[in-house]
Structure formats: C-alpha cells, structure tokens
1. Answer yes if at least one residue in the stretch 616-624 is buried (at least 16 other Cβ atoms within 10 Å of the Cβ), at pLDDT 95 or above and small (Gly, Ala, Ser), and no otherwise.
2. Tell me yes or no: at least one residue of the stretch 535-554 is of a type in the set (Gly, Ala, Ser), under 11 Å from residue 507 (Cβ atoms), outside any strand (DSSP E or B) and more than 17 Å from the chain's Cα centre (by Cα).
3. So which residues in the stretch 365-388 are among the small types (Gly, Ala, Ser) and in a loop (DSSP other than H, G, I, E, B)?
4. Consider residue 97 carefully, then state whether it is surrounded by fewer than 16 Cβ atoms within 10 Å (Cβ to Cβ), out of contact with any helix residue (DSSP H, G or I) (no Cβ under 7 Å at 6 or more places or on another chain) and among the small types (Gly, Ala, Ser).
5. Inspect all residues belonging to the stretch 50-69 and state whether any of them is touching a residue at least 60 places away in the same chain (Cβ under 8 Å), surrounded by 18 or more Cβ atoms within 10 Å (Cβ to Cβ) and outside the structural domain of residue 474 (by TED's automatic domain parsing).
6. Conditions first: (1) of a type outside the set (Val, Ile, Thr); (2) under 27 Å from residue 465 (Cβ atoms); (3) over 22 Å from the mean Cα position of the chain (by Cα). Residue 261 passes all but one, so which condition is the exception?
7. Within the group 462, 441, which residue is touching a residue at least 60 places away in the same chain (Cβ under 8 Å) and over 24 Å from residue 310 (Cβ atoms)?
8. Test residue 650 against the criterion of being closer than 25 Å to residue 317 by Cα, out of contact with any Ser or Thr (no Cβ under 9 Å at 6 or more places or on another chain), without any contact (Cβ under 8 Å) to a residue 40 or more places away in the chain and not aromatic (Phe, Trp, Tyr), and give yes or no.
Amino acid sequence: MSEEIGGSGQQTLTIQQAIDLGVKHHNAGRLPEAENIYNLILQSEPDQPVVMHLLGVIAHQVGENDTAVDLITKALVLKPNFAEAHNNLGLALQGLGKLDEAVASYNKTLAIKPDFAEAHSNRGTALHALGKRDEAVASYNKAIAIKTDYAEAHYNLGLALQGLGKLNEAVASYNKALAIKPDLSEVHNNLGYTFQELGKLDDAFTHHRRAITLTPQNNLFWVGLAQSIRTLSFTSVDDELSQDLLSLLDRPSVRPSDIVRPVISALGCHPEFSQILTLVGAKDPDINFPYDKTAARLSTIPLFLRLMSLTSINDLEIERLLIFMRRSMLRETMEGSIKENGLPFAAALALHCFVNEYVYPETDEEKQFVKRLQQQIAELVEQTQGVPPSLIATLGAYRPLHKFTWAQKLADRQWDSNINAVITRQILEPVTELSLRSQLPCLTPVQDTVSQSVRDQYEENPYPRWVNTGIQEKGKAIGSVLRDAPLSLDLGNYVSPEKPEILIAGCGTGQHSLFTANRFSNSRVCAVDLSLSSLSYALRKTEELDVTNIEYAQADIMELGSLGRQFDIIESVGVLHHLGDPLVGWKVLVDLLRPGGLMNLGLYSETARQYIVAGRSLIAEKGYTTSHEDIRQCRQDVITRTENGDLNLEKLLDRRDFYSLSECRDLLFHVQEHRFTLPQIESALKSLKLEFLGFEMRDQNVMRKFKETYPKKSALTSLPQWHKFELNNPDTFWGMYQFWCRKM
C-alpha cells in the first residue's frame, strides 16, 4: 500500500495530506479540483474507503445518484461502520426516489451514531416524502433535541407540520429557523405559503418578497410572490414595488393573467395613469384627451406597456381607454398627423390586440379606415418604399399582420425594438406555427361528429393565446407534489414511479402540458388535442422554452382506446365536458391508466355556471353566431345590460375569459357544453372504480372556509359534504371542479 502520491516535478504528499487538500477544495465548492485529487489517491490506493465515499458525495452533488450509490456502497463494503457514508448513501437513494431504501440507510447510520443530528433530519425528509408526516415530525424533533440551533431541521419540521395542517405550529418552526439563519430564502418562501393558507396575505407578501430579494434567480420564489398578491389591491406603490411587479410579469414561472388585478391596482396608484383614466370618462374626450400627448404619457409607464403586451386585461375602464386610444390612433394615422413619440404605446397596443384577438368593437368608420391603411402599406411595400412604424403599429392593432400577402417582405426589413416586437409576434411566430403543423403526428382519426365540431372551433380560435406561462424550474416526485401543501392529499401507500408516463388529454395551446412536464420530475408527457392550430402553438412555445420531455400529437379522446399505452397520470382539465358523451370519454381514459394510477380532472359545475346559462340565453335570444363580429356585439350587449342592472350577467364581467375573443367564444359560444353536480361526479367515480383524493384549488380562502365548516380531516374527501358546502356557497367552483382521483 502506497502512503504517498505525486510524481516527477510534483510535490509529494501523504495520503492524509492529499485527502485534506481534496476536502479543502471540496468544501470550497471546487468540485473538479477535489475530484481530480480523489482520483489520484485511488490510483495510488484503490481501496481507500474515505476517498471512495467522497467521490460518491461529489456524484450526488452533481445529480449523478446512480454513480453515487455505487461508489458509496463500495466504500461501505470496505468500512461497514462508516456512519457518514450510510447517511450520504441515504441522500443518494433519496435522490433516486428510493425512499424506503433511504430510510433504511439512515437507520443504519443512527444505529452506529445515535446522536447524528443530520441523519435524523434526513430520515425525516425521506419519511415526509413517503407521506409519513407524524414519523417525520418525530425525526426532526430528535435532530433538534441534539442540535438546538439546527436551522434546517426547524425548517423541515415546519414543512411537515404544514403538511399536517398544523399551520400555526409550522409558522413557529419557520420563525425558529429564521431566528438562527435570517437569510434562508426557502424558509421565507414556505412561511409565505403558510400565511397564505392562514389568510394572512400581507404577511405572506412580506415573506415571499423577502425570498426573492435574497434569491432573485429562483423562479419558484416568484411563483410564491405571484400567488400571494393575486387577491391583493395596492393602495400605494413605490419604484421598488413597481420593478418587482415588472419582473413578475417577465418570469416564465408566472402567468401574467394571474396577476392582472393587483398590477391594475398598482397602476391606479400612478398619478399619470390615474389622471388619464379619469380623462377618458369626460364628456368630450377628444378635446381633453389628445392622442399624441396621451400616447406619449402612457409610453413612460413600462408596467402598463408590459402588461398590455403579455395578456388580455379584465378591466372595463382600461378596455374603454384602449378602445378610445385605438380609434384615435387610427384617425390620426389616416390624417398623417401622428407623431412617433407615442410609438412604445402604439406597439404595445398592437401586441395587446393580437393577444386578445381583436375583441374590441369597431365602428363603420374604423373599418373603412383600416381598408385604406392596408392598401397604403401594401403599396409602400410593393414599391419598396419605407413604411412608417406608426402605420404598422396601427394596422397591427386592428388586424393580424401575418394574414397579409406582403407580411414576409415587411418582416425582412430592419425595425426598431418596438416594431420588431410586433413583427415577431404577429408575423414570424405564426409563420413558425404553420411550418410546425406538418411535424405533428396523428394518433387517431377524428370521426365523432361532436369532436369534429369542437376541432373546427379550435382550429379557427386556438385557445388560449398566451405569451408566458407558469412553469416551474425544478420538478418533484409525484408523491411529494401531491402530499405537500397546498394539496396535502392522503395518498396512502402510493409509491412514486421513477420515470412517470403522463397523458394530457386535451392540451390546447400547451400551458397545461408545460406546467405538468415541469411539475413532476423525470416525467415523459404525451399531450394530445383535436386542433392542429392549438398543437402547433403549443409546440412552438415548448421549443422556445427548450422543454424536451413532451410529445405532441393530434388525437380524439373518444378514439384513444386504440393507443396501446398505459400511463401513471392522466390529466384532462376543462375537456371532458365538451365531449358528446363525457362519461364514455372518461371511461376511455380510465382504461389507459395503470392500476393505482392518478387522474387530474376538471369538469364544469352546474351550480356555479348559472351566469353562463344566462349568457347563452342572451345568445339564443339575439340569434348570435360564432362570427367575430357577433361575439364582439354580444360582449357589448352583456356590458350594456349589466350597466343597466342585469345581475344575471354581471359575473361575466369578472371572468378573464370575457376579455379575449377566443376565450369568450369558449366561455359562451362553445358548440358543446355539459355541466355536472357533485353527486353526479360521485356516481361516476364509483362506476369507474376511482377513489376521490381531493380538490386542487388555487383559492386557499375557499379551502380554509370549508375546513372551518367541516373540521374533520375526512371531510376533505367527502363529496356529499362538499355538495352541501357548494349549495351554501354557489361560487365555490365557479371555474370548474378540479380534482384528483386514483384507479383502484
């Protein structure tokens, strides 16, 4: 056995000195240098267990857990009572999702070294992931008893208590962790979520904001901040908060549509913006509200411009402002008097109208002006003359530019950043989608007549059109996601598959499939839809985000029985109720689910959607078709009737879907819609041999109110009690019932 390492021209070190040097690099985070030294030691002394173990630790740290298990196991053969190695083997096994084996390793660690606080805490983490939260709490408490200033153990204890619904105790544990280490951003983040569950939204906002201040690069922390402000209304805003809101809008992990209301409240605190909104309501807005001056003023409010460019805005006051501004912009453009200092606003308006699919009404004068504007641009392009940017922004605010034959010639020119954004969104991206259609495989025919009608609707109006979506940065095992707050589902003895196969049945334009593909670690997602237009949109966005674990295909749920595949999870949210026979389609999906597999479904509520019934009655009364003109006119009728006191239609104005053309069509004009009651769903679950696991709710206020009404834990999975609750609180499921169930 050699006791020295080093060669010609190198300093000769003893094995222990070399180990110490490697550990020094290792502790400093210089893993390549440490790994190099460890390998040199093994060349000299191949059976050195400490070094073999340390190489295994590096493998675990870089995510190569199979290699870590192999190396640490070999080290333990050489040194069986090596407590640290048993502990780190547990971490590597846990990284592979082998939780029971991880617990066994931690038990061996503690048999050798009972006062190993880190092993107690790690054991608690594995037990927590297995759903054994009470045992996890006991392990964390043992770790804390040994090491009272163990901040991470206090934090992990808080997570377990939160999962058990012991929210005040969880808050106390998180605060103990922060008393020891005030800058633990993950603790602030989870404390924020706990305060959300408790309904203390101001406290939640404070801690989520602290988390992003400490670790701004963590997208998950921005998700927490977004969730904490969804129902907040700001009464004062400083520059720092404005910047945080602007950053939120640009995060890929945050859906801009989810935070429209708080952003609008923040804009209401902006003196310039508030004054403009007041002016638009004046009797003679043309006099008090000159376009050029107002567009220039709005161009200095980046938060408003960014919101406009990313999502529809569900606010009638702002809608009136934008309708008026668009009309004024068109008139001044045709008069040749428009100035370029308002171009940032004009470009944002073009982006906004493209996102909401031109849902705003047009006068006859506007239609005539738009025709003349189209001809003017076509002539300039044909003659290879310069096209003023204001003309492009104005036309883009009324018509999608990619529809014109000269669009590509326009795209080939150089533009400033404002118009370039319009060109990209309205020409280049749609062209890319068109090219992607041929890459999409067809898994089944679409023969069902209802399915054909639904397909035709979404070919014409892909739903929904979006820019950023809420995708997570790092997924977790299925069991961890569903057992942890806020879902906190009781999965019993469920074991997460290492590489789950997931089916998204009805993926639309890709938001759902992207969210799920990133939500669950090591997953492979098959996402199907009837509409090639929707699928090509989804594929483009997926490629832009560099997500590689999704396969898209055209298919009809009614025909998926011939697919010949089985899945660990099947998700179909907002889809089955549009089938000719939802229960037949549901049965097809159940047959594709592995025994013990999970389903995430979303179905419309009969109780909650009476305002939709009222809207559809108006459509029938007026004889509206699904033409864009009729949808726009229907919206104006709803707005007018609501302003005149029609309470049956009032809730429509609170729906985000009402403020986008395709989403409004999906909301009110869908060719097929079924609605359900909870007793009907309970009956279906029984006939399909599915176990109800619980609802997935974004609004924790509803869940908290239900728990106050029915405090027993068993009530959370009692559909009869949820039915009673809904009858007393008709808006509980005003979007839809979204729930998890398991195949028995």
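The values are calculated or read from the model by the stated rules, or taken from the named source; none is laboratory data. In this text, all values refer to a predicted model and were calculated from it rather than measured experimentally. Reconstructed Cβ throughout: ideal geometry from the backbone, glycine too, with neighbour counts over all protein chains shown.
1. No; the residues of the stretch 616-624 include none that is buried (at least 16 other Cβ atoms within 10 Å of the Cβ), at pLDDT 95 or above and small (Gly, Ala, Ser).
2. no
3. Taking the stretch 365-388 first, the residues among the small types (Gly, Ala, Ser) are 378, 386.
Hit for the stretch 365-388 is 386, nothing else.
4. On the way: surrounded by fewer than 16 Cβ atoms within 10 Å (Cβ to Cβ): no; out of contact with any helix residue (DSSP H, G or I) (no Cβ under 7 Å at 6 or more places or on another chain): yes; among the small types (Gly, Ala, Ser): yes.
So residue 97 does not fit the description; no.
5. Within the stretch 50-69, not a single residue is touching a residue at least 60 places away in the same chain (Cβ under 8 Å), surrounded by 18 or more Cβ atoms within 10 Å (Cβ to Cβ) and outside the structural domain of residue 474 (by TED's automatic domain parsing).
6. Only one criterion in (1) of a type outside the set (Val, Ile, Thr); (2) under 27 Å from residue 465 (Cβ atoms); (3) over 22 Å from the mean Cα position of the chain (by Cα) is unmet by residue 261, namely (3).
7. Criteria check complete, one pass: 441.
8. no
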